[in-house]
1. Give me the percent of the accessible area of the chain that comes from carbon and sulfur atoms, probe 1.4 Å, all protein chains in place.
2. Taking only protein heavy atoms and a 1.4 Å probe, what accessible area per residue, in Å², does region 1-158 have with all protein chains in place?
3. Which of these, Gln82, Gln17, Gln49, has the largest mean-square fluctuation under a Gaussian network model of the chain (Cα springs below 10 Å)?
4. Does the chain come out rounded, prolate or oblate, given a ≥ b ≥ c as the square roots of the eigenvalues of its C-alpha gyration tensor, rounded meaning a/c under 1.5 and, failing that, prolate meaning a/b above b/c?
5. Just Asn67, Asn79, Asn46 to compare: in a GNM of the chain, with alpha carbon springs under 10 Å, which one fluctuates most?
6. Does region 7-51 classify as rounded, prolate or oblate by the C-alpha gyration tensor (a ≥ b ≥ c root eigenvalues; a/c under 1.5 gives rounded; else a/b over b/c gives prolate, otherwise oblate)?
7. Which residue fluctuates most in the GNM of the chain (Cα springs below 10 Å): Gly158, Gly72, Gly108?
8. Tell me the relative contact order for the chain as a rounded percent, counting alpha carbon contacts under 8 Å between residues six or more apart.
Amino acid sequence: MTITIQKCTLEDLGLLQDISVETFKETFEDQNSPEHMKAYLEKAFNAVQLEKELLTISSEFYFIHSNGELAGYLKVNTNEAQSEIMDNLSLEIERIYIRKKFHKQGLGSYLMSKAIDIAKEQNKEKIWLGVWEKNERAITFYQKIGFVQTGAHSFYMGDDEQIDLIMTKTLQ
């Protein structure tokens with residue numbers, strides 16, 4: 001298996017939009033109403049919103065390819081781009097998604113390693129993320145690699161308020 005990770009640019013907007021919608025639906029569609037899912041997808045992954053995120057200096061997107069096929073992506077934020085007020089020694093993993101057909105191949109670990117490398121290059125002391133309290137598969141993965149729950153915040157799927165656990169990992 002050949003794995004490559006590449007930084008996304010504005011030229012990747014269409015691909016980013018496609019994989020964002022696909023992976024989000026695969027992950028959450030069966031646990032949310034069609035109306036809430038549709039509202040969230042239209043707000044979070046429309047071309048204007050994703051272009052704005054791609055142009056944000058303190059945000060970066062990375063695609064992961066397996067044997068030349070787009071398998072998933074990562075979005076990290078620092079400084080003012082973080083979705084919660086954190087200190088400047090923190091890096092947020094806002095999105096880490098792998099297409100369902102690539103699950104259980106270790107690709108999430110590759111993206112997590114990439115996020116940790118970015119954090120270390122930028123002299124960050126910790127990384128954090130929000131994960132839906134009902135996403136047990138992801139929570140287990142994060143716990144296994146050293147994340148601990150440090151808080152919680154509201155997340156809106158359309159107008160449905162849900163809870164994300166805030167999980168943090170201190171870097172050595």
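1. 49 percent
2. On a per-residue basis, region 1-158 sits at 54 Å².
3. Among Gln82, Gln17, Gln49, the largest GNM mean-square fluctuation belongs to Gln49.
4. In terms of gyration-tensor shape, rounded.
5. Maximum fluctuation in the GNM of the chain, among the listed residues, is at Asn67.
6. oblate
7. Highest fluctuation of the listed residues: Gly158.
8. This gives 20 percent for the chain.
The values are calculated or read from the model by the stated rules, or taken from the named source; none is laboratory data. All figures in this text were calculated on a predicted structure; none of them were measured in a lab. For the accessible areas, the whole protein counts, side chains as well, though only heavy atoms, and no ligand, DNA or RNA atoms are used. Shrake-Rupley method; radii C 1.70, N 1.55, O 1.52, S 1.80 Å.
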